[in-house]
Amino acid sequence: MAGRLERKTAVVTGGCSGIGLATVRRFAEEGAKVVIGDIDEDRGPEVASEVGGTFVRVDVTSKEDVDTLFRVAKQTYGSVDVAFNNAGISPPEDDSILDTDLEAWRRVQEVNLTSVYLCCKAALPYMLEQKRGSIINTASFVAVMGAATSQISYSASKGGVLAMSRELGVQFARDGVRVNALCPGPVNTPLLQELFAKDPERAARRLVHIPMGRFGEPEEMAGAVLFLASDESSFITASTFLVDGGISGAYVTPL
Ligand SMILES: NC(=O)c1ccc[n+]([C@@H]2O[C@H](COP(=O)([O-])OP(=O)(O)OC[C@H]3O[C@@H](n4cnc5c(N)ncnc54)[C@H](O)[C@@H]3O)[C@@H](O)[C@H]2O)c1
């Protein structure tokens, strides 16, 4: 049986770890040529060789790096069909607004939000020329709900990713290009593990609010990204695609 991404080229940022890595593997299983853009030069070549893809060392805050990433995809495989703009950070210095300084605020905005602007800006001309493409930007459930245990810049950056994705989805809907925002709930990845290892009480507090009573797994995100990337989601654009174990639907959770 042919894979769901056969003859498609997919660019994945943050593809060396967590949600990005699981998606790189899933995309490759489904027949895609995968181009991995990540700052992690140690893991990058390993991941690329595992899936028979290409690694490009990219800092997603650099316009030059991002433009090169998409150019390499086009030159190597002939098209840019899927862009999963997913790299992001969640550093401990980003906390309550009362404690988060301007430097920490700006860093998170650059890596989480400006990067998505750069990636969309770089991918769109290829997709518009082809008259087809699917962009998936990683936002978060915190883009639609407030948390008392705040990470102020992170939440604001993800709200920005969601609004940008919606607007791009509307703008390019008649040009064959779909743009959706993936909004994961808490997922069991190094990003979350790092954050909660420092504060187990915070982790326990998050679990209480998830109806399913557990964190998501990266592979569960990859399944959703695959759906949004493939033609199976051909009537879905500008959507807030929540994959959150029920968090955003819950008022009271089962004990
Ligand atoms: N894990 C969660 O609970 C969760 C929940 C909601 C949203 N998200 C979002 O999902 C995305 C992926 O998160 P994850 O949990 O898989 O994280 P992760 O830390 O496991 O992986 C992030 C990847 O991004 C790369 N990266 C970081 N900064 C970069 C930069 N400047 N340039 C290029 N690459 C860079 C890292 O090297 C790493 O490979 C992020 O946008 C995150 O905000 C995660």
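Tabulated results
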item	result
Computed FRET value (nearest 0.05) for V208 with S62, which takes r as the C-beta separation and R₀ as 25 Å	0.05
Net +/- balance of residues flanking R206 in space, Cβ distance below 13 Å, scoring K and R +1, D and E -1	0
Positive-end residue of A104, P184, V56, charge dipole of the stretch 9-240 with Cβ unit charges	P184
Taking K158, K131, K33 and counting other C-beta atoms within 10 Å, the order from fewest to most	K131, K33, K158
Fewest-first ranking of L207, L228, using other Cβ atoms within 10 Å as the exposure measure	L207, L228
For A147, net neighbour charge (Lys/Arg +1, Asp/Glu -1) across residues whose Cβ lies under 12 Å away	+3
By average C-beta atoms within 10 angstrom, highest first, the peptides 68-78, 41-51, 117-127	117-127, 68-78, 41-51
Neighbourhood charge, 12 Å Cβ-Cβ cut-off, centred on T240 and excluding it, Lys, Arg +1 and Asp, Glu -1	+1
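Throughout, read-outs are computed from the coordinates displayed, never taken from laboratory work. Values in this document were obtained by computation on a predicted structure and should not be read as measured data. Here the Cβ is made from the backbone with ideal geometry for all residues, glycine too, and neighbour counts use every protein chain on show.
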